[in-house]
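Novice: If you scroll down you'll find the structure; I have some questions about it.
The values are calculated or read from the model by the stated rules, or taken from the named source; none is laboratory data. Note that the structure is predicted; figures quoted are calculated from it, not measured. Quick reminder, even Gly has a Cβ in these numbers, built from the backbone with ideal geometry, and neighbours come from all protein chains shown. Each accessible area value is taken on the protein alone, full model and side chains, heavy atoms only, with ligands, DNA and RNA left out. Shrake-Rupley method; radii C 1.70, N 1.55, O 1.52, S 1.80 Å.
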Amino acid sequence: MIIIDDLLKSLKVLAKPFDVIGTIELLRDIALKEKYNLKAINNKIKENRLLFEIGEITEKEYNEKRKALLEELEKAKEFMENLPKDIEIREM
Amino acid sequence: MKMETENGYLYVYGVINNKNLKLGIKGLKDKPIEKIDFRDISALTSIYPILHPALKEDEAMQHADILKKIAKKTTVIPMSFGMVFNDQEILEMILSKSCMAIKQTLALIDGKIELGVKVVQNQFYDAPNGIALEILGQLDKLSVKSVKGDNFSSRLLLNHSFLVEKNKFSKFSKEIAELEEKHKNLKFIYTGPWPPYSFVNINIKGS
């Protein structure tokens, strides 16, 4: 399990001891970036195909994962489209 | 002669400089592919119902398949999926503006094909440093040019496209087979021949 402090350290972020709101906002932003990173989802779709092509996963596994990833991609796109204009999520 | 576009728009697959070519290939939506000549180049087009097509996997695959068939017959500058023009007049205007770049690109890719190579590491085996460069070096010797593709997975050791003279195709394939034999812990995904998508940089816009 990732401890919040470790996560922040890994991102080279020093949280002020009592800046709870700041920390929560930062964690929310990190979570959103992780969850809605379109490039990362697209990469997973390509990797899934790659693993199928080299015979490491079965067609059934490939199709199931592909379906899940495409749904994730759609949700991410929808989320990005509905973001308020003053919020920007950059792809990492 | 103007191509009839009353029932739709003009979808462009690519540009060639072979006016005498008999295509006999069906395009998207089963519409015949027609040539629209402009000076000594021709755009390969078919009627398409909408101006801004959404990217659909099956149509994108068909687009690639159609271009593969065209590339077997002649040198073609491939267009990416979804290049649609309002009418012939606009297309001709674009062709006139990019004619010089198109001719230069056609000269560069004439008689050449694109081959794709992906080398994947086994999940239980970390390839030693330098293997990727060694493989790339061997393949670069047989190609005119190569470009690096997207590094979309940590399992990918190499993802490159190679522009290869048609007459070196079998030599290139033999080299791949030898590399596969030598590096049994790696998986090679070898694709093509493709029209040289990765080696053309002509960006023309639709409507």
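Novice: Ranked by accessible surface with a 1.4 Å probe, highest first, in what order do A:Phe52, B:Phe172, B:Phe38, B:Phe124 come?
Specialist: In descending accessible area the options line up as B:Phe124, A:Phe52, B:Phe38, B:Phe172.
Novice: Ok, one more. Quick query: amide H of B:Met83 versus all other amide H atoms, modeled in the peptide plane; which residues come in under 5 Å with a sequence gap of 5 or more or a different chain?
Specialist: Placed amide hydrogens put B:Val12 under 5 Å from B:Met83.
Novice: Using only the alpha-carbon atoms, what does segment B:9-106 span along each of its principal axes? Please give whole angstrom values in decreasing order.
Specialist: Result for segment B:9-106: principal-axis Cα extents of 33, 28, 20 Å.
Novice: Counting only C-alpha contacts under 8 Å and six or more residues apart, can you give the relative contact order of chain B as a whole percent?
Specialist: It comes to 24 percent, rounded to a whole number.
Novice: Continuing with the same structure: Using a ≥ b ≥ c from the Cα gyration tensor of chain B (square roots of the eigenvalues), is it rounded, prolate or oblate, where a/c under 1.5 gives rounded and otherwise the larger of a/b and b/c decides, a/b for prolate?
Specialist: prolate
Novice: To test your reading of the geometry: what angle, between 0 and 90 degrees and rounded to tens, separates the Cα axis of helix B:57-73 from the longest principal axis of chain B?
Specialist: 90
Novice: I'd like the Karplus ³J(HN,Hα) series for segment B:11-28: coefficients 6.51, -1.76, 1.60, θ = phi - 60°, whole numbers in Hz, and an x wherever there's a Gly or Pro.
Specialist: Result, rounded to whole Hz: 8, 10, 8, x, 10, 10, 10, 10, 5, 8, 5, 9, 7, x, 10, 7, x, 5.
Novice: Relative contact order for segment B:112-198 using alpha-carbon pairs under 8 Å, separation at least 6, rounded to a whole percent?
Specialist: Relative contact order of segment B:112-198: 51 percent.
Novice: How large is the accessible surface of B:Lys103 in square angstrom, using a 1.4 angstrom probe and rounding to the nearest 10?
Specialist: For B:Lys103, solvent-accessible area is about 80 Å².
Novice: Among the listed pairs B:Lys26/B:Lys72; A:Lys44/B:Lys118; B:Lys145/B:Lys168, which have their C-alpha atoms separated by more than 18 angstrom in this model?
Specialist: Where the Cα-Cα span goes over 18 Å, no listed pair is concerned, since all stay within it.
Novice: Just to confirm, what accessible area per residue do you get for segment B:112-198 at 1.4 Å probe, in whole Å²?
Specialist: With the other protein chains kept in place, segment B:112-198 gives 54 Å² per residue.
Novice: In whole Å, what is the distance between the alpha-carbon centres of segment B:25-100 and segment B:103-117?
Specialist: The distance from the Cα centre of segment B:25-100 to that of segment B:103-117 comes to 18 Å.
Novice: For the full complex of protein chains and a 1.4 angstrom probe, list B:Met79, B:Met93, B:Met100, A:Met80 by accessible area with the highest value first.
Specialist: The residues order as B:Met100, B:Met93, A:Met80, B:Met79, largest area first.
Novice: Return one number: the angle in degrees, 0 to 90 and rounded to the nearest 10, between the long axis of the Cα atoms of helix B:88-109 and the longest principal axis of the Cα atoms of chain B.
Specialist: Between the helix axis and the principal axis of chain B, the angle is about 30 degrees.
Novice: On a 1.4 Å probe surface of the protein chains, which of B:Ser96, B:Ser42 comes out largest in accessible area, and what is the full order?
Specialist: If we order B:Ser96, B:Ser42 from most to least accessible, we get B:Ser96, B:Ser42.
Novice: Accessible area of segment B:112-198 with a 1.4 Å probe: how many percent of it is carbon plus sulfur?
Specialist: Carbon with sulfur: 50 percent of the solvent-accessible area.
Novice: Provide the FRET efficiency to the nearest 0.05 for the A:Glu61-B:Ala54 pair, computing r from the beta carbons and using R0 = 30 Å.
Specialist: For R0 = 30 Å, the calculated efficiency reads 0.60.
Novice: For B:Lys145, list long-range residues whose amide hydrogen, built 1.01 Å from N in the peptide plane, is under 5 Å from its own amide hydrogen.
Specialist: Long-range HN contacts for B:Lys145: B:Leu163.
Novice: Quote the relative contact order of segment B:9-106 in percent (integer), defining contacts as alpha-carbon pairs under 8 Å separated by 6+ residues.
Specialist: 39
Novice: Can you give the convex hull volume per residue for the Cα atoms of segment B:106-185, as a whole number of Å³?
Specialist: 81
Novice: Spelling out what I want: for every residue of segment B:33-40, take phi, set θ = phi - 60°, compute 6.51 cos²θ - 1.76 cosθ + 1.60 (Karplus), and round to whole Hz; glycine and proline get x.
Specialist: Per residue, the Karplus-derived 3J(HN,Hα) values read 8, 10, 9, 10, 7, 9, 6, 9 Hz.
Novice: For segment B:160-171, take each phi angle, set θ = phi - 60°, evaluate the Karplus expression 6.51 cos²θ - 1.76 cosθ + 1.60, and give the result in whole Hz per residue in order, putting x for glycine and proline.
Specialist: Per residue, the Karplus-derived 3J(HN,Hα) values read 10, 10, 10, 8, 10, 4, 3, 6, 9, 4, 5, 5 Hz.
Novice: Here's something else I'd like to know. Before we go on, tell me the buried accessible area for the B/A pair, both chains summed, 1.4 Å probe, in Å² to the nearest 100.
Specialist: The buried area between B and A, both sides summed, comes to about 1000 Å².
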